[in-house]
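Chemist: One structure, pasted below without further comment.
Bear in mind these aren't lab numbers, they're just calculated from the coordinates by the rules spelled out. Treat the numbers as computed from the prediction; the structure is a model and nothing was measured. FYI the Cβ positions are ideal-geometry reconstructions off the backbone, even for glycines, and counts take in every protein chain you see.
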Amino acid sequence: MTETDLFETIRGQVCRCAYDLKLEPDIEAILKMPMREFHFSIPVRMDDGRIRAFQGFRVQYNDARGPTKGGIRFHPDETIDTIRGLAAIMTWKCALFGLPLGGAKGGVICTPKEMSEGELERLSRAYIQALCRHIGPERDIPAPDVYTTPRIMAWMMDEYSKIAGQTTFGVITGKPIPVGGSEGRLDATARGGWYVIAEAARDADVDLKGATVAVQGFGNVGSNAALLGQFLAGAKVVAVSDSRGGVLNHNGLDVQRLLEHKEKTGSVLNFEGAGNITNEALLELDVDILIPAALENVINTGNADNVKAKIVAEFANGPVSNEAEAVLGKKGVAIIPDLLCNGGGVVVSYFEMVQNLNMDHWDAADVDSRLRKMMTSTYHAVHETARKKGFSLRQAAYTIAVRNVVEAMAARGWV
Ligand code: GLU
């Protein structure tokens with residue numbers, strides 16, 4: 001593959017805004033670099049008694065608008081460059097939604113599927129021990145991401161609290177409900193994404209009832225995207241996939257039963273009444289809406305030409321490579337960009353922080369109506385900017401986000 005890496009792609013988005021926002025080259029340079037990075041080795045006692053050193057990272061990209069915020073990924077192919085790119089996306093995402101937060105991202109190179117629960121717990125706690133001086137409700141607030149769960153967030157919050165000598169719920173979001181978690185956080189990314197798709201569909205005069213949908217990825221975001229596609233939007237989910245492969249039924253899949261099947265067998269493959277397909281084939285299906293909900297750069301120069309979906313809704317971060325975006329654009333495929341489409345996760349994380357800091361607990365209906373309002377109004381702001389300036393939704397979203405960060409930097413006297 002000849003794809004530009006994620007960090008380079010996101011830096012390119014900032015360059016694209018420079019002319020419209022009349023950015024000084026010095027300011028543009030600040031926006032294209034992370035402010036702080038932590039690289040550390042994390043020794044963990046494994047179940048066989050041996051010590052293994054894992055490599056961990058945290059990138060605090062820009063904190064002009066407030067404490068930095070963003071998830072932690074546990075993935076075997078993690079790289080510092082990807083984490084930098086993802087931390088930059090978090091900066092623009094929080095700014096786009098007007099949250100009083102900067103952007104960050106963390107990661108550990110590991111294979112969680114091959115680790116026992118005890119090993120995962122020791123790794124999670126050790127990650128926090130390594131980083132504890134640099135995070136906190138007023139510094140940097142981690143959250144779940146690829147292969148990290150509410151359970152892991154609870155261990156991390158607990159470890160930080162033990163070190164601080166006081167229960168500090170607000171240090172981490174995406175926690176289980178009994179330890180300061182928010183109602184609605186688990187499916188917030190997917191729910192927020194469908195609120196945006198609903199608005200975009202209305203603008204494009206597309207009826208979501210019965211629209212065909214394919215979802216790549218069946219983790220927290222992908223499985224909820226499929227479930228809500230069926231139950232919230234009334235769409236027909238014809239295909240989903242996980243890391244082992246996918247299943248297809250042109251008449252629609254029963255997503256609830258598919259979840260039970262995955263729970264039992266460990267994969268979506270061999271689901272009754274559906275045919276098996278590869279992950280690659282899923283991305284090329286002739287559907288109304290394609291939802292990549294797994295990893296970055298899955299739509300790239302190798303397959304962009306074969307994408308037949310009318311709308312690509314980026315529930316993952318960075319799933320369409322820079323080069324693929326140009327190909328899809330020429331084909332008239334509409335892209336709903338990640339920083340807008342998957343912002344529901346960090347929006348409800350922000351609600352979780354606010355509840356923690358106020359010792360409060362909002363009910364599910366309250367969280368949902370606030371989420372819906374923020375997703376809808378942000379979509380319309382982006383759509384309006386795109387229409388006025390003749391930009392893509394991505395360029396419009398970046399223009400709003402970068403402007404918000406630059407205004408904060410100017411107000412603080414940084415530039
Ligand atoms: N990992 C999610 C994202 O990429 C959520 C981050 C958060 O809740 O802080 O947006």
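Chemist: Looking at the chain, identify the longest residue range that excludes and avoids all GluC sites (Glu not before Pro) in DSSP loops having at most 15 other Cβ atoms within 10 Å.
Modeler: The answer is 273-415.
Chemist: Which of LEU339, GLN355, GLN129 sits closest to the plus end of the dipole of the chain, meaning its Cα is farthest towards the positive end, when Lys and Arg get +1 and Asp and Glu get -1 on the C-beta?
Modeler: GLN355
Chemist: With a 10 Å cut-off between alpha carbons and a GNM built on the chain, which of LYS105, LYS69, LYS331 moves the most?
Modeler: Comparing LYS105, LYS69, LYS331 in a Gaussian network model of the chain, the most mobile one is LYS331.
Chemist: I would also like to ask the following. When DSSP assigns beta bridges and you keep just the ones with both residues in the chain, what percent turn out antiparallel, to the nearest 5?
Modeler: The antiparallel proportion sits near 50 percent.
Chemist: Over the alpha carbons of region 1-152, what is the largest minus smallest coordinate on each principal axis, giving the biggest first in Å?
Modeler: 58, 40, 22
Chemist: Take the chain, drop everything but the C-alpha atoms, weight them equally and run the Debye formula without solvent; then report log10 I(q)/I(0) at 0.06, 0.07, 0.12, 0.14 Å⁻¹ to two decimals.
Modeler: -0.22, -0.30, -0.95, -1.32
Chemist: Based solely on its DSSP helices, what 222 nm [θ] is calculated for the chain when runs of n ≥ 4 H residues each add -39,500 (n - 2.57) and the sum is averaged over all residues, nearest 500 deg cm²/dmol?
Modeler: Computed ellipticity for the chain at 222 nm equals -14500 deg cm²/dmol.
Chemist: Quick check: Cα centre of region 123-166 to Cα centre of region 16-74, how many Å?
Modeler: Region 123-166 and region 16-74 have Cα centres separated by 15 Å.
Chemist: Contour minus end-to-end for GLU117 and LYS389, with contour as 0.36 nm per residue of separation and end-to-end as the Cα-Cα distance?
Modeler: Full extension of this stretch gives 92.8 nm more.
Chemist: Have a look at GLY229, ILE89, ILE400 and report the one farthest towards the positive end of the charge dipole of the chain, computed about the Cα centre with Cβ charges (Lys/Arg +1, Asp/Glu -1).
Modeler: ILE400
Chemist: Considering only ALA239, ALA211, ALA313, give the residue with the highest GNM mean-square fluctuation for the chain, with springs between Cα atoms whenever their separation is below 10 Å.
Modeler: Largest GNM mean-square fluctuation: ALA211.
Chemist: List, in the order given, every pair from LYS93/LYS209; LYS175/LYS236; LYS22/LYS93; LYS175/LYS209; LYS330/LYS388; LYS209/LYS310 whose Cα-Cα distance in the structure shown is over 25 Å.
Modeler: From LYS93/LYS209; LYS175/LYS236; LYS22/LYS93; LYS175/LYS209; LYS330/LYS388; LYS209/LYS310, over 25 Å: LYS93/LYS209; LYS175/LYS236; LYS175/LYS209.
Chemist: So who's got an amide H within less than 5 Å of the one on ILE335, skipping anything under 5 residues away but keeping other chains? H placed 1.01 Å off N, in plane.
Modeler: When sequence neighbours closer than 5 places are left aside, the close amide H contacts are VAL312.
Chemist: Taking only the alpha carbons of region 70-150, what extent do you get along each of the three principal axes, in Å, biggest first?
Modeler: So the extents along the principal axes, rounded to whole Å, are 40, 25, 21.
Chemist: Round to a whole angstrom and tell me the spacing of the C-alpha centers of region 170-213 and region 82-114.
Modeler: Rounded to whole Å, the Cα centres lie 18 Å apart.
Chemist: Which aspartates and glutamates, if any, have their Cα less than 16 Å from the Cα of LYS331, not counting same-chain residues under 8 positions apart?
Modeler: Of all the aspartates and glutamates, those that pass the test against LYS331 - Cα under 16 Å, at least 8 places apart if same chain - are GLU284, ASP286, ASP288, ASP305, GLU323.
Chemist: Could you check what % of the DSSP bridge pairs in region 129-254 are antiparallel, to the nearest 5?
Modeler: Antiparallel: roughly 50 percent of the beta bridges in region 129-254.
Chemist: Between the DSSP loop rule and a limit of at most 15 other Cβ atoms within 10 Å, which trypsin sites (Lys or Arg not before Pro) in region 364-415 are left?
Modeler: ARG412
Chemist: Would you mind working out the magnitude of the charge dipole of the chain relative to its Cα centre, with +1 at each Lys and Arg C-beta and -1 at each Asp and Glu C-beta, to the nearest 20 Debye?
Modeler: With Lys and Arg at +1 and Asp and Glu at -1, about 680 debye.
Chemist: Who wins for biggest fluctuation among ASP140, ASP242, ASP203 in a Gaussian network model of the chain, springs between alpha carbons below 10 Å?
Modeler: Maximum among the listed residues: ASP203.
Chemist: For region 156-256, take every pair of Cα atoms, bin their distances at 5 Å starting from 0, and report each bin as a whole percent.
Modeler: 3, 12, 18, 17, 14, 11, 9, 7, 5, 3, 1, 0
Chemist: Post the alpha-carbon centroid distance, region 234-266 to region 332-386, in whole angstrom.
Modeler: Centre-to-centre (Cα) distance: 27 Å.
Chemist: Give the value in nm², to one decimal: projected area of the alpha carbon convex hull of region 299-395, averaged over all directions.
Modeler: Projected area, direction-averaged: 7.4 nm².
Chemist: Another one. Aspartates and glutamates within cross-link reach of LYS264: Cα-Cα under 19 Å, excluding same-chain residues under 8 positions apart?
Modeler: Cα-Cα hits under 19 Å: GLU114, GLU117, ASP242, ASP254, GLU272.
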